[in-house]
Amino acid sequence: MIRYVALKVGRAVFVVWAAFTVTFVLLFVLPANPVDLLFDPTELNSIPPEVRAQVAENYGFNKPVLLQYADRLGHALIGDFGNSVQSGRPVIAAILDVLPSTLILASAALVLATLIAFAIALVATATRRPWLRNLVEALPSGAVSVPVFLSGILILQVFSFQLGWFPSFGDNGVQSLILPLITLAVPVAGPIAQLLVRSFATEFGAGYVTTSWAKGATRGRIIVHDVFRNAGLPALTIAGVTFGNLIAGSVITETVFARRGLGRMTQTAINTLDVPLVAGIVVLVAVTFALINLTVDLIYPVLDPRLRASLTAGVS
Amino acid sequence: MSDLRSSIENAESHRKRWPWVAGVAVLAVLLAGGIGFAVTRDGSASEAAAGDGQPVRGGTLQFALIDYQRSPDPQLGTNYAESLIGNNVTDKLTWQDPDTGEITPWLAESWEYNTDLTQFTFHLRKDVTFSDGTPFDSAVVKANFDQYVHGDDKLGINPNGAVLLPGYIETQTPDAYTAVVTFAKPLASFLQASSFTANAQPGFLSLSTLARSAEERTDPTKVIGTGPFVYESWEEQVKTVLVKRTGYNWAPPSIKHQGEAYLDKVVFNTIPEASVRTGSLASGTIDATLDVGTTDEKPLKDQGFKIISRSVSGTAIYFNFNSQRFPTNDIAVRKAIQLGWDRSAVEKTVLTDSYSIATSVLNKSVKGYVDYSGSVLKYDPDQAKKLLDDAGWKPGTDGIRAKDGKRLEVKLLGISNLVANKPAYESVQQDLSKIGIDLQLTVVPIPDYTALIAKAKTDFNATAANRSRNDAAALNLVYNPSLGNSSYLEQGVSTGIDVAEVTDALGKLETTLDPAKRNEYAKTAQDLLLEKYALVNPVYNPSQVIAHADYVHNIIFDAQSRNHFVDAWKSNGK
């Protein structure tokens, strides 16, 4: 058991370190110079070399790359990512500033997405009409195929510009959360629903279901009491993927709805080659990602007795 | 597998309907309702009585634009939001009249300069204060210019003004209201620079602000100016809120605004999506929006919104030819490109009334501008073909010409930041292919452009951009071989070009402020760039375009086409 935990924790730490390193390498492999991006692009030719050198020195971009890497990694270990090149704000403060908006949006979207996914799976399993089942089963792939920016703009067009029910941009309270929330939840719900529909179908055909039938249970009772619990569990295994979808979706959702947030900050940080800021965001995302997977790995044996049994057997 | 189960189930008696079915039905109805609710809006934008009557005090202007300020520090800046907001929080020494290009008083009441144009003496207004109550005086001017040009490593402040004020030595303060600025070499354009309102502008900050680090300046309440508005808040990516400065009474005399700003508040909302900006304007959430796309102008006008715009002073959007790289090292090719594309096609298919076709490398609003639409900047495909024929470029089988077995391929690097850029370049590309020139476009976002420009000397034949500066000396900055050298002039390597002649002609622009002489120098410079050496193919004059509700009045476009809100007001009283 201890070995299992140590293995999983070690893997999580490795993932975070690797993410930090790969980001650093990528930002340095990119052809653009972060110093240049602090100037008007049309003025680049006329910047005196000494000015360029002074700016590079300000941010430590003149040091050897390996030294810069060691320096940044060392500071990152104690939670110091330095200051954003573009704004001069400390990276941690800049991230903490926008994090709540993204967290609220993402967690609300996750809840809604889960509800949608379970609704789809339940309907697909419960219905006895093939056409309805086919229709519902087609929804997840449909949800994934519609680009977020398109659905976002369509939703805005109808509910904000035409009906005026919700504000079209910004983040002031619950009112302005609804539309982005729906926009983000739909594509996130897709993969979860897909997985659930399949596992519901598998479980519905399992032997214990037949037993319940034989005992005279109703269809509804079987789905809710027997199938639901067993079929819901696999959704946890794609928690990591879901988290990735949420982050990716938030980049576009936050841009379309002009909300502040981590997604939008990531996009601008990459566009402006803001090395410290990108490093900070990547580490945060990697840590979260690793933690989620670690939690799932650790919690799964608790939830699934079969896995617990095999683990204990393996250790003893 | 589930045969047994199915048979058990099918054998059951008929029972009550599944609640699921009802659920699905409700969901479907909701969905259909949402989609089907395409209510057509009636264009009732003209709710408030318009009319340019007496200005109304009060109200909040909700303004939208693409960009946001990365920091509230107005001396730092590479985007429009930064310069725009900086202009409303800080003031400059002088104000350039957007109509005449003349430099007029602002924080400086008067000024004089030595004959060399290396020393400028400004006599300051005595009644100006910062919003924290401290006075604006010559010590403030000195502290600002020193930090603006040299930066401050300890505070993490970059040398933002080093490019605008090359050769800056020092500012002397003979008395509290006299500031003497000295340069190492003549800098005629400094007078215009003292009014500069575009990116990284010399707006004055209080001594307390200058003592703060870059990090501390991200607290907007710590950024103190003398301007008509004061920071209330700054939310990165989302919005900047400015409130009226009480007691403001020093707007530039030439805009004829007395006293405080009319508006109580201006909110700059960052909205990256074009359709969301126009939708928000149409639905009344915002009062005005910048960054109106060319295709959105007409629909908004039809809905009753006002479109106002100003051509960006400085250079036109230009193709600067690389004078070293094959085939643009051949002047015949450069001249053929100038003559080879149909201006009216670009005008009709790409531009709106807010934009115009370039008739020189300078915008019409820049003093010293000369019109070349009758000579080299016109569509004359026959002449272009003749030039190429005479230079030995023979049409190949695919219609593209070649010489000594090498195709006439012209590689262009451009920025996609303005919506009209790419379609305009594509229109030029089409026309050029008809005369046998293969113009290859690489039109990319700013970060990619910045990366590629480093290799432009060897990899590209032309770079397309523009420079926003309402002074003929912009030509010197862009083309002087010892400064921007955008045509990569090098004696001996750039065939047939007398580099010293170009250097000398452009450098002269910094040596006089006598209007007649300056116009003459500007003409010589344009003649060389456009006619004699054909180093540039100007395409169109970009514009800043605003759409606003009809109850919004008097948004000022300044000489660099940035907006000032000191004189703006709303007649709907909100």
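Derivation of every value follows stated rules applied to the coordinates shown; laboratory data play no part. Because the structure is predicted, anything quoted here is derived from the model rather than measured. A quick note on method: Cβ atoms are made from the backbone with ideal geometry, for glycine too, and the neighbour counts reach across all protein chains shown.
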Members of B:LYS301/B:LYS364; B:LYS434/B:LYS532; B:LYS411/B:LYS455; B:LYS265/B:LYS570; B:LYS244/B:LYS570 lying beyond 18 Å, as alpha-carbon distances in this model show: B:LYS301/B:LYS364; B:LYS434/B:LYS532
Karplus (6.51, -1.76, 1.60) ³J(HN,Hα), θ = phi - 60°, over the range A:154-163, in Hz, Gly and Pro reported as x: 4, 4, 4, 4, 6, 8, 10, 6, 7, 8
Amide H contacts under 5 Å for B:TRP95, placed H, 5+ residues apart: B:THR104, B:TRP106
A:GLU50 paired with B:THR178, simple spin-label distance in nm, labels 7 Å along Cα-to-beta-carbon: 3.0
Base-10 log of normalised Debye intensity for the range B:220-356 (one unit scatterer per alpha-carbon) at q = 0.20 Å⁻¹: -1.25
Per-q log10 I(q)/I(0), the range B:317-540, q = 0.07, 0.15 Å⁻¹ (Debye; single scatterer per alpha-carbon; no solvent): -0.20, -0.98
At 1.567 mPa s and 4 °C, Stokes D of the range A:2-77 from Kirkwood alpha-carbon radius, µm² per second: 86
Karplus (6.51, -1.76, 1.60) ³J(HN,Hα), θ = phi - 60°, over the range A:106-119, in Hz, Gly and Pro reported as x: 5, 5, 4, 5, 5, 4, 4, 4, 5, 4, 4, 4, 5, 4
Packing rank of B:210-219, B:331-340, where each peptide gets the mean count of other beta carbons within 10 Å, highest leading: B:331-340, B:210-219
Tensor-based shape of chain B (alpha-carbon gyration tensor, a/c under 1.5 rounded, otherwise prolate or oblate): oblate
Shielding by other protein chains, B:271-282, mean Cβ within 10 Å: 6
Computed over the protein assembly as shown, the ratio Rg/Rh where both radii use C-alpha atoms and Rh is Kirkwood: 1.04
Reciprocal mean inverse distance between Cα atoms of chain A - Kirkwood radius, Å: 22.7
Percent antiparallel among DSSP beta bridges (both partners in the protein assembly as shown, rounded to 5): 75
Residue order, fewest to most beta carbons within 10 Å, for B:GLU236, B:GLU260: B:GLU260, B:GLU236
Dipole axis of chain A (+1 Lys, Arg; -1 Asp, Glu on Cβ), positive-most option in A:ALA258, A:TYR208, A:LEU303: A:TYR208
Residues whose placed amide H lies under 5 Å from that of B:ILE157, excluding near-sequence neighbours: B:ASP152, B:ALA214
Share of alpha-carbon pairs per 5 Å distance bin for the range A:98-271, given as whole %: 1, 9, 16, 18, 16, 13, 10, 8, 5, 3, 2, 0, 0
Highest average packing first - B:99-110, B:419-430, B:282-293, Cβ atoms within 10 Å: B:282-293, B:419-430, B:99-110
Built amide H within the under 5 Å cut-off of B:SER356, gap 5+: B:ASN541
Cα gyration tensor, the range B:399-472 - rounded (a/c under 1.5), prolate or oblate: prolate
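Which value in Å is the Kirkwood Rh of the range B:462-532 over different Cα pairs?
On the way: mean 1/r = 0.0800 Å⁻¹.
Mean inverse Cα-Cα distance, inverted, gives 12.5 Å.
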Rounded Å value of the spacing that divides the Cα centres of the range A:88-137 and the range A:10-29: 28
Top positive-direction residue, dipole computed over the range A:2-77 with Cβ charges, set A:PHE39, A:GLN68, A:ALA18: A:ALA18
Average partner coverage of A:138-147, which counts Cβ from other chains inside 10 Å: 0
Inter-chain Cβ neighbour average for residues B:103-111, partner chain, 10 Å: 0
HN-Hα J in Hz across the range B:277-286 - Karplus 6.51, -1.76, 1.60, θ = phi - 60°, x for Gly and Pro: 5, 5, x, 5, 5, 5, 8, x, 5, 10
Separation between Cα centres of the range B:348-424 and the range A:206-251, rounded to whole Å: 64
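For a quick check: sort A:MET265, A:MET1 by the number of other beta carbons within 10 angstrom, fewest at the front.
On the way: A:MET265 27, A:MET1 12.
The order, fewest Cβ neighbours first, is A:MET1, A:MET265.
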Prolate/oblate/rounded call for the range B:125-184, Cα gyration tensor, a/c under 1.5 rounded: oblate
